[in-house]
Amino acid sequence: MISKTGSAVWSGNLREGGGTVSTQSGTLSDVGYSFAKRFGDEHGTNPEELLAAAHAACFTMALSNVLAEHDLEADRLATTATLTLDPSTLTVTSVVLDLEATIPGATDETFQSAANAAKEGCPVSKLFDTDIRLNATLA
């Protein structure tokens, strides 16, 4: 088993309060987050942005692994995850993974199959109870 930790501290009420988020690695260390950063125009991070980044990273690593099972290695895998949150219900309604890949020797059929397997097998994908869509383009 592998365990990773993250932590958050919050003070005040939801709308005017604020907090910090940190990761075990120190990559994020006391990074501020707030209602305005989450639902308004204030610059900074928020839980949904962090989830989207985690999903993009997890999926991309999973795809690298699935490609290796087909004796393929990517020159480049670039994934953007767009997570949509309905603020009225506080429900994640969808995640769209947009992938652009350069993989020497890959056929589109093998690539699409590998990308879908990675989408289904990625541990972060398994966390979401929502529609996860994939747009995969092989260059």
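The values are calculated or read from the model by the stated rules, or taken from the named source; none is laboratory data. Bear in mind the structure is a predicted one, so any value in this text is a computation, not a measurement. Counting neighbours? That spans all protein chains shown, and the Cβs are built from the backbone with ideal geometry, glycine included.
Numerical summary
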{"item": "Qualifying residues in the stretch 2-22 (those that are modelled with pLDDT under 95 and under 24 Å from Val124 (Cα atoms)) - the one surrounded by the most Cβ atoms within 10 Å (Cβ to Cβ)", "result": "Lys4"}
{"item": "Conditions (1) surrounded by 15 or more Cβ atoms within 10 Å (Cβ to Cβ); (2) in contact (Cβ under 8 Å) with a residue 60 or more places away in the chain; (3) of a type outside the set (Asp, Glu); number of the one not met by Leu99", "result": "(2)"}
{"item": "Condition broken by Lys37, with the remaining ones in (1) of a type outside the set (Gly, Ala, Ser); (2) assigned to a helix (DSSP H, G or I); (3) within 15 Å of Val124 (Cα to Cα) satisfied", "result": "(3)"}
{"item": "Residue list for the stretch 102-131, filter: among the hydroxyl-bearing types (Ser, Thr, Tyr), outside any loop (DSSP other than H, G, I, E, B) and either in contact (Cβ under 8 Å) with a residue 12 or more places away in the chain or in contact with a helix residue (DSSP H, G or I) (Cβ under 7 Å, 6 or more places away or on another chain) (or both)", "result": "Thr102, Thr110, Ser125"}
{"item": "Test result for Ala68, part of a strand (DSSP E or B) and free of Cβ contacts under 8 Å to residues at least 24 places away in the same chain", "result": "no"}
{"item": "Filter pass, Thr60 being assigned by TED's automatic domain parsing to the domain that holds Lys119, in contact with a Ser or Thr (Cβ under 6 Å, 6 or more places away or on another chain) and part of a strand (DSSP E or B)", "result": "no"}
{"item": "Residue that is modelled with pLDDT under 95, surrounded by 14 or more Cβ atoms within 10 Å (Cβ to Cβ) and hydroxyl-bearing (Ser, Thr, Tyr), where the choices are Thr84, Thr45, Thr91, Thr79", "result": "Thr45"}
{"item": "Candidate set from the stretch 85-101 (those that are part of a strand (DSSP E or B) and more than 14 Å from the chain's Cα centre (by Cα)); member that is farthest from His55 (Cα to Cα)", "result": "Asp86"}
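Listed here are the residues, each with its yes/no results for (1) in a strand (DSSP E or B); (2) in the same structural domain as Glu120 (by TED's automatic domain parsing); (3) within 17 Å of the chain's Cα centre (by Cα).
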site	(1), (2), (3)
Met1	no, no, no
Ser25	no, no, no
Ala53	no, yes, yes
Glu73	no, yes, no
Thr82	yes, yes, yes
